[in-house]
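Here's the structure, in structure tokens; my notes come after.
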């Protein structure tokens, strides 16, 4: 069957090409997202990859597997994008009626976007594989990837996440095994300096912690929030660059929202292998427009990070622009 599809695809049969490449589409999409940190950029890179593969399929000599060949194209498309693309710039504060406290710092990755869990194919069924795949798509990991040099990112993902051999990666990047191993050592060291622990989706505490967060946030209950946050809890809100670190400052930020009279309803979803919520603002007129998406990062039975994205991403998660009037 595969040999027949190969022959037909080489002859220009588009349906045969799609049947050959479709099993790899989701994992290639996730790969592009890990490298670029933006769902929209990842979709563009995926389309460029498939177009290049289609146009060059007659030159595919099958010295490597089709999957490896596609990853070579995708990786190099992403490297080109990282070197040349103008990333989404930081946005100004846009929450009406709320004066934010002074941030801890300004973030360096305003183009970061969430990745819907429905798009992420874990692949292997074992629990260890699920944990590793969840970690490799987590916001902490993807953010760290944006702060490393592009070639180091490519090598680390291909070797440590996708388990390609050093010789395969060297061929993909037109490099040497020695160069690949050197880049991997530097990337691992850089990742160790930057990353935080990724969430463990199967934690026995996760469901309870998330439920308590929903109750506290919808009730604007700061006292209940205190018990849910780690001492070094962190808030980011791309594309706005404001970042807050530490329980005191994070609670001060939350109190500014609640003191301004803003009250919210949360609709659960999943992003980056982490608990996430569509956020809807209750208004005096009874309408409930969508105002953003929150993604939580858990550490044991506490929340160690919350990332807020703007409302433009809600549709990616199948969430409505607004909820019915109350």
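Read-outs throughout are calculated quantities, based only on the coordinates presented, and are distinct from any laboratory measurement. Since the model is a prediction, treat every value here as computed from it, not as a measurement. Glycine gets a Cβ as well: all are built from the backbone with ideal geometry, and neighbour counts include every protein chain shown.
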Worksheet item: For segment 270-282, does any single residue satisfy the condition of being surrounded by fewer than 18 Cβ atoms within 10 Å (Cβ to Cβ), free of Cβ contacts under 8 Å to residues at least 12 places away in the same chain and over 27 Å from residue 146 (Cβ atoms)?
Response: no
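With respect to residue 255, determine if the residue is over 18 Å from residue 213 (Cβ atoms), without any contact (Cβ under 8 Å) to a residue 40 or more places away in the chain and out of contact with any strand residue (DSSP E or B) (no Cβ under 8 Å at 6 or more places or on another chain).
no
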Item to complete: Please indicate, with yes or no, whether at least one residue in segment 313-325 is in a strand (DSSP E or B), free of Cβ contacts under 8 Å to residues at least 60 places away in the same chain and surrounded by fewer than 19 Cβ atoms within 10 Å (Cβ to Cβ).
Response: yes
Worksheet item: If you go through segment 7-24 one residue at a time, how many are over 21 Å from residue 71 (Cβ atoms) and either touching a strand residue (DSSP E or B) at 6+ places or on another chain (Cβ under 8 Å) or in a helix (DSSP H, G or I) (or both)?
Response: 4
